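**Q** Next up is a structure, given as structure tokens.
We did not get these values from a lab; they are worked out from the coordinates using the rules stated. Nothing here was measured: the structure is a model prediction, and the numbers come from that model. Here the Cβ positions follow ideal geometry from the backbone for every residue, glycine too, while neighbour counts run over all protein chains shown.
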Amino acid sequence: MKTRDQKKVIIAETQELIKNSKNMMFVNFTGTGVEDIKELKKTLRPLGSTVRVVNKKLLRVSLEKAGVACNPEQFETQLATIFSTADISEVAGPVFKFFKSKEKKGFNIYGAYDMEGKVFMDAVTTKKIGQLPSREVLLSQLVGVLSAPISMFLYILTERGKMVEAK
């Protein structure tokens, strides 16, 4: 059992993480091994994310002190929190891929909280965001869609020019 001073230190550290985060993602890691959690931490570290396991009551106190309207005690099982300075779409993708690979072990996404919009996103919404392609892929798809009509028009002009030269 932790002493009052140890709990104060944990709350202060958690408040600092909350203050520096753009969003938080809540995951259930029941049945997930230590090596798997280390793999997730290693994957998320370059994205500016930190994975922490904090007692739900201490996390609730930290969130209340930070002015965040989210109660982590609503989740029934063990809870790990991913604090991220990156956009939710950048973090949700790798977490969703990890979730898909560890689904049978009990790892599950509970939801996310957007600090800027002060909105809690449920598990379904968070998983849908995680399934989206990366920003670069979406931009390249958009460029492809926008350039297709121009390419087709140029092809038609080229073929028409060949027909005129043949006569």
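**Q** Considering the chain as a Gaussian network with a 10 Å cut-off on Cα pairs, which listed residue, 24, 152, 115, attains the greatest mean-square fluctuation?
**A** 152
**Q** Using the Cα gyration tensor of region 2-59, with a ≥ b ≥ c the square roots of its eigenvalues, what is the shape: rounded (a/c below 1.5), prolate (a/b larger than b/c) or oblate (neither)?
**A** Cα axes put region 2-59 in the oblate bin.
**Q** Add -39500 (n - 2.57) for each DSSP H run of 4 or more in the chain, then divide by its residues: what number comes out at 222 nm, to the nearest 500 deg cm²/dmol?
**A** Computed ellipticity for the chain at 222 nm equals -18000 deg cm²/dmol.
**Q** Would you calculate the separation in nanometres between label points at residue 42 and residue 150, each defined as 7 Å from the Cα along the Cα-to-beta-carbon direction?
**A** 4.3
**Q** Say a site is exposed when it is one of the GluC sites (Glu not before Pro), sits in a DSSP loop, and has at most 10 other Cβ atoms within 10 Å; what is then the longest site-free stretch of the chain?
**A** Maximal segment without exposed cleavage sites: 1-75.
**Q** About its Cα centre, how strong a charge dipole does region 7-72 have in debye, to the nearest 20, once Lys and Arg get +1 and Asp and Glu get -1 at the Cβ?
**A** In debye, rounded to 20, region 7-72 gives about 220.
**Q** Compute the orientation-averaged projected area for the chain from the convex hull of its Cα atoms and round it to one decimal in nm².
**A** If you wrap the Cα atoms of the chain in a convex hull and average its projections, you get 13.7 nm².
**Q** Kindly flag which residue pairs out of 65/97; 8/128; 57/105; 8/97; 8/127 have an alpha-carbon separation exceeding 30 Å in this structure.
**A** Pairs exceeding 30 Å: 65/97; 8/128; 8/97; 8/127.
**Q** Hey, fewest Cβ within 10 Å first, where do 96, 29, 153 land in order?
**A** 153, 96, 29
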